[in-house]
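Encoded as structure tokens, the structure appears first; notes follow it.
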Amino acid sequence: MTDDKSVHQTNFIPNKLQKQFIESKAKADLFSSRMGEGKSTALAWSALYHTRHNPGARWALVRDTFENMQATTLKTFFEWFPPGVYGTYNYTQRTFTWADGVAQGEVEFLGMDDPQDASKLMSRELAGIGFDEPAPAVGSVGIDELIFDIGLSRLRQKGMKWYCAKLAENNPDEHHWTYRRFVNPGTEGFKLWQPSEPENVENLPPSYYAELRRLWTHRPDLINRFVEGQFGYQQVGKAVTPQWSDRLHLATGLIAVPRHELILCWDWGHNPTCVITQKTPLGFWNILDAFVGEDIGVEELIIHVVRPHLAVKYPKFSLRHIGDPAGKQREQTSILRTPVRVVLKELGGHFQAGKVKFEARVEPLRAALTRVVSGRGMIQVDRADAKPIWHALRGGWHFHIAKTGLVSGEAVKNISSHPGDALSYGASILFPLGRRNTFDGKLATPDPGTYFGQKARPQIGPGVKIIEYPKQGEGLVFPKV
């Protein structure tokens, strides 16, 4: 960029991806990539580019804490636009006002650890807003989805040609709201920018990514997201099932074997969970489907989700149920009602109670994950239809690690613990003490030749598009002020 005054000259030639992200007029843009791709730089230049085209624009740059804002976003912003040259920074108000000849407008820096900052955001009328690292990263707690929605609602400053909402982060966990809003299923008007190959290597130390890979050999989740540039999970504690391997255990398009019963594994509570599984003649335990309710009862889950799914996908399979023994306890409203009775009344089959103690059911599951059949894990999980189990076993189901390094003796109760618990109840009966057993239930006998199930599915859901660009692009075009 070259300004009218020589004192305002700086040398910034964005790569193709940065340039298109900065110039995009989408309703919201997400720059999602590995480390070292110039994401904070892209945010800073987005603010300047938009303000140059929209004189008087008021911008807000948001980070999870102002401490992290100072260490990263603000530091990068001042490296490109040092106060006294490109503008004036008010340390009390945390605002940067562009200098005459650069742009007409201001940028406010907000850390969302302070409730007062959230109220400030709600009282602003903005032309643009940027979110730095909304997904949790190392040393970051991320930005809540509500803050993003509030920020979008504040884009209403009068007299602007267009409004800007820019997000920049390392590739998020597939559980994170940015993945859901921008990737799968995505949102109309939102655009994802993700480089398929590193585009900023010339500005990084030699062997930068090789060194990160060596440093994080014990954290494959970090290597996947920060080095390889893929979506993945954020390991936030010690996994309950570290034996899990995407390579060994993850499958697509699993189909139920005819004339063999389905084994439904259950967990109760206000997040009732049903996992549809099957032990195959070849020795695999296939995890076909998984359903996790939210703030509903097991009866609602069965009537509205499980029973219709079974009727369409598995109409002639016999059923066997294994679950939390607490499901036999009578409800206070009626001694005739229990979760187990509801299951048997609505679905049929017979019920077996899994082991109560955590280790008595988790150890068989861990042992089953170490088993290999014909080069594949004995446990096969359908990536699309049993996604809650995949996310649980790969690390979502975990033990908390305190700052002192002590690991909790109990697994954290979260959205992944319920499918993990449900499957462990099944493992405690099917594979006691970790031994691989033969069937100990009745075999289903549907009509001969009947074959039920779905066709294979792609490994990446619809709507996910990886955008690839050349490394070097043209400079940005700015109007004169």
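Miscellaneous remarks
- A DSSP coil position with no more than 13 other Cβ atoms inside 10 Å describes none of the chymotrypsin sites (Phe, Trp or Tyr not before Pro) in the range 261-370.
- Using the Cβ-Cβ distance between Val356 and Ala311 with R0 set to 30 Å, the FRET efficiency works out to roughly 0.40.
- Checked against a 31 Å cut-off, the cross-linked pairs Lys16/Lys75; Lys39/Lys403; Lys158/Lys191 all give Cα-Cα distances at or below that limit.
- Peptides 400-412, 92-104 ranked from most to least packed, by the mean per-residue count of other Cβ atoms within 10 Å: 92-104, 400-412.
- Residue (of Ser196, Ala168, Thr51) at the positive-pole extreme of the range 6-227, dipole from beta-carbon charges: Thr51
- Extension gain, Gln329 to Val407, is 24.9 nm, computed as 0.36 nm per intervening residue step minus the present C-alpha separation.
- Nearest-20 debye value, the range 210-349 charge dipole, Cβ charges on Lys, Arg, Asp, Glu: 460 debye
- Each Cα pair of the range 6-227 feeds into the Kirkwood radius, which the Stokes-Einstein equation turns, at 10 °C and 1.306 mPa s, into a diffusion coefficient of 89 µm²/s.
- Listed peptides 255-262, 15-22, 143-150, 78-85 appear in the order 15-22, 255-262, 143-150, 78-85 once ranked by packing, highest mean of other Cβ atoms within 10 Å at the front.
- The range 345-435 - Debye-derived log10 I(q)/I(0), Cα point model, q = 0.11, 0.14, 0.16, 0.26 Å⁻¹: -0.37, -0.58, -0.75, -1.35
- Here the range 246-434 is treated with +1 on each Lys and Arg Cβ and -1 on each Asp and Glu Cβ, and its dipole about the Cα centre works out to around 480 debye.
- The Rg/Rh ratio of the range 39-137, with both radii computed over alpha carbons and Rh defined as the Kirkwood radius, is 0.93.
- Excluding same-chain neighbours fewer than eight residues apart, the aspartates and glutamates reachable from Lys279 by a Cα-Cα span under 16 Å are Glu261, Asp289, Asp382, Asp440.
- Ratio of the Cα radius of gyration of the range 246-434 to 2.2 N^0.38 Å, where N counts its residues: 1.00
- Label sites at Asp113 and Gln93, each approximated as a point 7 angstrom past Cα along Cα to Cβ, lie 2.5 nm apart.
Where a number appears in this text, it was derived from the coordinates with a stated rule and is not lab data. Since we're looking at a predicted model, the values are computed, not measured. Every residue, glycine as well, gets a Cβ built from its backbone with ideal geometry; the counts of neighbours run over all protein chains shown.
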